[in-house]
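All remarks here apply to the structure that follows.
The values are calculated or read from the model by the stated rules, or taken from the named source; none is laboratory data. No experiment lies behind these values; they were computed from the predicted model shown. Please note: Cβ atoms are built from the backbone with ideal geometry, for glycine as well, and neighbour counts cover all protein chains shown. Just the protein is used for accessible areas: all its heavy atoms, side chains included, with ligands, DNA and RNA removed. Shrake-Rupley method; radii C 1.70, N 1.55, O 1.52, S 1.80 Å.
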Amino acid sequence: MSDLAATILVIEDERQIRRFVHAALEAEGFHVCEAQTAQQGLTEAATRKPDLLILDLGLPDRDGVDVIRDLRGWSEMPIIVLSARSGEPDKIAALDAGADDYLSKPFGIGELLARVRVGLRRLERGHAPATSVVEFCGVRVDLADRRVERDGTVVHLTPIEYRLLALLVRNAGKVLTHRQILREVWGPSHVEATHYLRIYMGQLRHKLERNSAQPRCLLTEAGVGYRLLLE
Amino acid sequence: MAESKDGRPDPDELLDRVQREQEKARRGKLKIFFGASAGVGKTYAMLSAARQLRAQRHDVVVGIAETHGRAETVALLEGLEILPLRDIEYRGKWLKEFDLDAALRRRPVLILIDELAHTNVPGSRHAKRWQDVEELLAAGIDVYTTLNVQHLESLNDIVGGITGIRVWETVPDKVFDQADEISLLDLTPDELLQRLKEGKVYIAQQAEGAIQNFFRKGNLIALRELSLRRTADRVDDQMRTYRQERSIEAVWQTKESLLVCVGPKPGAEKVIRGAARIASQLGVDWHAVYVETPRLQRLPEAERARILRTLKFAHELGAQVATLAGHDAIETLIDYAHSRNLAKLVVGRDYKGWMPWRHSFADRIGRRSTDLDVVQIVRDAPSPQATVASARFSPPRPRVENLWQPYAQAAAICILATVTATLLSPFINLVNTAILFLLAVVVAAARYGRGPAVLAAVLSVGLFDFFFVPPRFSFAASDAQYLLTFGVMLAVALIIGRLASNLRYQGRVTENREGRLRALYEMARDLSAVLVPEQIIDLSHEFIEGTFGVKMAILLADEHDKLQPAKPASDGQVAPDVDLGIAQWCFDHVEPAGFSTNTLAGSPILYLPLRAPMRTRGVLAVEPVNPRWLLIPEQRRQLDGFTALIATALERVHYIEVAQNAIVKIESERLRNSLLSALSHDLRTPLTALVGLADSLAQGPPGLSASQQEAAQAIRDQAFRMSSLVNNLLDMARLQAGEIRLRREWQPLEEVIGSALKAQEGQLARHHIRVALPADLPLLDFDAVLIERVLSNLLENAAKYTPPGTEVVIEAALVDHEARISVADNGPGLAPGSEEAVFEKFTRGERESSTPGVGLGLAICRAVVEAHGGRIWAERSPGGGACFVFTLPAGTPPETPALADEQALLGQRRVVHE
């Protein structure tokens, strides 16, 4: 599949935005199809089977979060959400519903393309035979071996730190909300204990990042969650 | 009122005592230096005690001290702070008086007020000095004062009887009984006489002879006994209270109250005083009632006024008073006593008069009811003061009736009977003729009352005798049995007349009562429908002026609790000349003031507080046309009823307003919210298109010249600037509306610094960043998004106002239970003196600067930090540049999982790690 140009569906009601997104993606060699409404978008998604979806949250006919839930019923394709609203709760709701990433309006083309690439790479990884070794910011994580090295030196992680890192690595590029991480690492009864997560995240940064106050890879999405950025 | 058998205190009583103690704790303490007569050294003792306290650095002030020029007493005043006296003009003379307002302003811990029984100069706020003292105590100021035994209200007549000198300046017993401490100054009569001889006792100039008479040894012994006994009674009370409090060998009494019957005979004051004394000795409540029977209703106005004054006197002494209506005084009294569980009746003693067979009032009560104790008290001779005072009330006759008319009509009825009997005489016999005349008498009695009935009886007998009894047309009766006819007719006239007048009286009473109830009902009904305060004012005018025929005004409190006249009297309403000072006093103290009250009784207007369940809403000022009117308890009670209705209505309307405001606020908030989110959506969408289209221009197919490339880049940057401007404006609008709810969570500061630096990456690309955080900085409780915003704004500022290459340092430290976070640069720094101004909205670092920004950034920072309970300020950094510092309170972070606990946390899903 990777030899074929990937198909990207853009659901956006604003013509000008649709226009430049379409142009930018096409210039990068992607195959683009468009939809103006949620209804039209769902039909397109079902018939064209796109590899990635760019979805505006503020559609005229339906709430974007509902659209994501519908899609997630039958598709695993990466979803990037565009949001004109500034409140974090909207983003969290979209991510919890199954979106992979979000972009706040206004955004530049460079930023959009970067997110699209990350999403597609995730997709590729999902299809490819499981690679057990991931590298980022000078850190090498061997999931099969449970081995973490920084600049060639073994880093000792506690069990929880390791579970947290492994979760981020498996979802590299995707924004994980606090709730999602807490449920995965600590279990469903700890979803409110965000300060646990923050402490462990801080410890991971101290052990893995060169400068823990200016992380390059273990990024914070303020008020939303975390994301591991593979360089 | 069952006696508590198990010896435990009655819960009601305990509650009562707790409330009394709470009340007391807020009040000042009263200490009375009590003595048998002048000259025992009360003032001296009081000043000595004050000096001792002064020496212990207590805040003591002399309010007023009568030294009477005695050197040793004057010497004691040395070194004490003395309040200046007030000058009051009275009948052209300037008199000195204690200055209550000055004392309240000065607010000492303890104030000395000599001569508790003193009567203030007319024009002072209170008529009596003890009322001044009450107000001082209520304000929480302790008071020392002096009192002689003859000035105690209940002992007043006894002392008068012993010494032959009556004192008119009296103090109610409750003041004495409620004093916190009594200090008895005791001197043997011989010592006192010795002091008198040495000239150490002050004697007023004018009545030297009488006073000399007063200081006889016999008198002094009697006074000494009285004062000792009164003090002993008090100590006894204290002992009893102490026992009750400690529940030691409890002596529980059933609470039986006293009922005093006020009669029309003069001298009732003495009965009242006696009853007050008994009630206080028994420690029970007491009631005073006056039963107005048809007979008493016909009393002259002056006497009725005297009865009402007696009732008011009883009220002042602490009784609950009422006037009852009924045609049989005894039955009404007994009913009243039973309904209120009053076991003892106190009545004045009757003397055997000219009808030796007639039973006294007390006996008659005893015959009718077997379960009531009756106490008889000897009446006073009519006091001269009472006569003088009663002359003050001019007696306007309420109803001017045509007095002869009923008599004429009674006569007419008799003549009609005669004519009818004459016409019928051929057909009826003499007995039936007599019955006809009897009918005439009954009709006259029933319609016109006793007097006309008697006239009708006499006329009927006369006419019957003259026209019908043989020999006709002469008064000579052949048969003595017509004397009986005459007697029966007279008796019937009297009995029916009495019955009818009683019925009419009862009818009138019922009508009055019904009228009062109807007025209250109608007012309640009308007030329940009003929606604005103006309507309440109008309705109050209508009802109060209509019902009582008085002038009135309502004053409402504004938001600062200052009274304002509700509205100028309109169309024909005459507003009374309201004294705002008195009204304010009444409002502040929530007590009636002015006419017929204890406070500023000289005013012709009565001020009543409008007290609603939640708070006092204002004051009702009423100026009665006839002063007697307010002394009638029923009228007063109805006025109180109106007052309560008005106050409740005002409160209800107030809450309607509050509710409406709340609804308007909710609506406007909803509107603002939808407006803001619409704005945010509608502004961002075109900006997104702008940025994207500029990007596609710049990154599109090659062929753009360098300047075109630059233009595309500029469009992009401007669009982003616009976007951050929109963000700032929207945030400021939300923060200002106070609607941003903080999503506070415990988190490390490092994380939010990291995300802020990431967000400002582009701006700070050419600056050196250094972050210095102490390793042991605890978790802080804050809203990550908003604090990131603060840091971003501060970093953006640093980037904007300093040249490239500048070092920006972020530091944090824990100082005095707060985290202090600073963002400092070594750039040009802020202009001196502008450190505060930069936080004002729309202020920027430099005037007319080319550097972009609306200056909202720092205002937002301040709003966010203050919402977190912190502070933010600007200062000069050590390196010479600008330094912005903000603080966040350091609370107690929640438990954090220790690393050792991890295994337990993970449970069975343990991960083995090499």
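Points worth noting:
- Enumeration of residues in region A:66-101 that are more than 19 Å from B:Ser680 (Cα to Cα) and β-branched (Val, Ile, Thr): A:Val67, A:Ile68, A:Ile79, A:Ile80
- Region B:774-789 - residue that is among the acidic types (Asp, Glu) and part of a strand (DSSP E or B) and, of those, nearest to the other protein chains (Cβ to nearest Cβ): B:Asp783
- Restricting region B:740-751 to residues that are hydrophobic (A, V, I, L, M, F, W, C) and outside any helix (DSSP H, G or I) leaves a set whose member that is farthest from B:Ala784 (Cα to Cα) is B:Ile740.
- In the set B:Asp776, B:Asp781, only one residue is over 20 Å from B:Leu683 (Cβ atoms), touching a residue at least 40 places away in the same chain (Cβ under 8 Å) and not basic (Lys, Arg); that residue is B:Asp781.
- Here B:Gln718 does not qualify as within 7 Å of another protein chain (Cβ to nearest Cβ) and open to solvent by 80 Å² or more (accessible area, probe 1.4 Å).
- No other residue among B:Ile272, B:Ile278 is at pLDDT 80 or above, part of a helix (DSSP H, G or I) and either polar (S, T, N, Q) or more than 19 Å from B:Gln178 (Cβ to Cβ) (or both) apart from B:Ile272.
- Looking only at region A:60-84, and only at residues there that are within 14 Å of chain B (Cβ to nearest Cβ) and open to solvent by 20 Å² or more (accessible area, probe 1.4 Å), the one that is nearest to A:Arg18 (Cα to Cα): A:Pro60
For (1) part of a strand (DSSP E or B); (2) under 29 Å from the mean Cα position of the chain (by Cα), each residue gets a yes or a no:
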| residue | (1), (2) |
| --- | --- |
| B:Thr146 | yes, no |
| B:Gln150 | no, no |
| B:Ser154 | no, yes |
| B:Asp157 | no, no |
| B:Gly161 | no, no |
| B:Trp168 | no, no |
| B:Lys174 | no, yes |
| B:Leu187 | no, no |
| B:Leu192 | no, no |
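- For A:Tyr226, the criteria (1) farther than 20 Å from B:Gln747 by Cα; (2) within 14 Å of chain B (Cβ to nearest Cβ); (3) in a strand (DSSP E or B) hold in every case but one, which is (1).
- All positions within region A:2-16 that are closer than 15 Å to A:Leu113 by Cβ and either in a strand (DSSP E or B) or within 14 Å of chain B (Cβ to nearest Cβ) (or both): A:Ile8, A:Val10
- Residue in region A:169-188 that is surrounded by fewer than 17 Cβ atoms within 10 Å (Cβ to Cβ) and β-branched (Val, Ile, Thr) present: no
- Qualifying residue in region A:51-59 (condition: modelled with pLDDT under 90 and more than 20 Å from A:Leu113 (Cα to Cα)): yes
- Lone qualifier among B:Ser674, B:Ser680, B:Ser724 - being more than 9 Å from chain A (Cβ to nearest Cβ), surrounded by 13 or more Cβ atoms within 10 Å (Cβ to Cβ) and among the hydroxyl-bearing types (Ser, Thr, Tyr): B:Ser724
- For B:Thr648, the criteria (1) within 28 Å of B:Val622 (Cα to Cα); (2) at pLDDT below 85; (3) of a type in the set (S, T, N, Q) hold in every case but one, which is (2).
- Scanning region B:797-827 for residues that are away from every other protein chain (no Cβ under 14 Å), open to solvent by 50 Å² or more (accessible area, probe 1.4 Å) and touching a strand residue (DSSP E or B) at 6+ places or on another chain (Cβ under 6 Å) yields a total of 3.
- Residue in region A:17-59 that is nearest to the other protein chains (Cβ to nearest Cβ), counting only those that are of a type in the set (Val, Ile, Thr) and surrounded by fewer than 17 Cβ atoms within 10 Å (Cβ to Cβ): A:Thr37
- Verdict on B:Thr422 being open to solvent by 60 Å² or more (accessible area, probe 1.4 Å) and of a type in the set (S, T, N, Q): yes
- In the set B:Pro897, B:Pro852, B:Pro832, B:Pro878, only one residue is in a loop (DSSP other than H, G, I, E, B), within 29 Å of B:Asp776 (Cα to Cα), at pLDDT below 80 and more than 14 Å from chain A (Cβ to nearest Cβ); that residue is B:Pro878.
- If you check B:Gln709, B:Gln699 for being facing chain A (nearest Cβ under 9 Å), more than 15 Å from B:His868 (Cβ to Cβ), open to solvent by 40 Å² or more (accessible area, probe 1.4 Å) and among the polar types (S, T, N, Q), only one passes: B:Gln699.
- Selection status of B:Gly594, in contact with a helix residue (DSSP H, G or I) (Cβ under 6 Å, 6 or more places away or on another chain), at pLDDT 80 or above and crowded, with 17+ Cβ neighbours inside 10 Å: yes
- Scanning region A:189-211 for residues that are touching a residue at least 12 places away in the same chain (Cβ under 8 Å), part of a loop (DSSP other than H, G, I, E, B) and open to solvent by less than 50 Å² (accessible area, probe 1.4 Å) yields A:Val191, A:Glu209.
- Total residues in region B:219-233, condition surrounded by fewer than 17 Cβ atoms within 10 Å (Cβ to Cβ) and over 14 Å from B:Thr188 (Cβ atoms): 3
- The C-beta contact set for region B:752-773 (first residue within 7 Å of chain A (Cβ to nearest Cβ) and part of a helix (DSSP H, G or I), second residue buried (at least 18 other Cβ atoms within 10 Å of the Cβ) and among the hydroxyl-bearing types (Ser, Thr, Tyr), distance under 6 angstrom, 6+ apart or interchain) comprises B:Gly754/A:Thr220; B:Ser755/A:Thr220.
- Scanning region B:44-79 for residues that are open to solvent by less than 20 Å² (accessible area, probe 1.4 Å) and either closer than 16 Å to B:Ile141 by Cβ or touching a residue at least 40 places away in the same chain (Cβ under 8 Å) (or both) yields a count of 8.
- Screening the candidates B:Arg743, B:Arg721 for the property of being in contact (Cβ under 8 Å) with a residue 12 or more places away in the chain and over 30 Å from B:Glu667 (Cα atoms) yields one hit, B:Arg721.
- Applying the set (1) under 58 Å from the mean Cα position of the chain (by Cα); (2) aliphatic (A, V, I, L, M); (3) crowded, with 18+ Cβ neighbours inside 10 Å to B:Ala737 leaves exactly one unmet item: (3).
- Test: residue in region B:608-629 that is open to solvent by 50 Å² or more (accessible area, probe 1.4 Å), modelled with pLDDT under 80 and not in a loop (DSSP other than H, G, I, E, B): yes
- In summary, A:Gly108 fulfils each of the numbered conditions (1) open to solvent by 10 Å² or more (accessible area, probe 1.4 Å); (2) free of Cβ contacts under 8 Å to residues at least 24 places away in the same chain with the single exception of condition (1).
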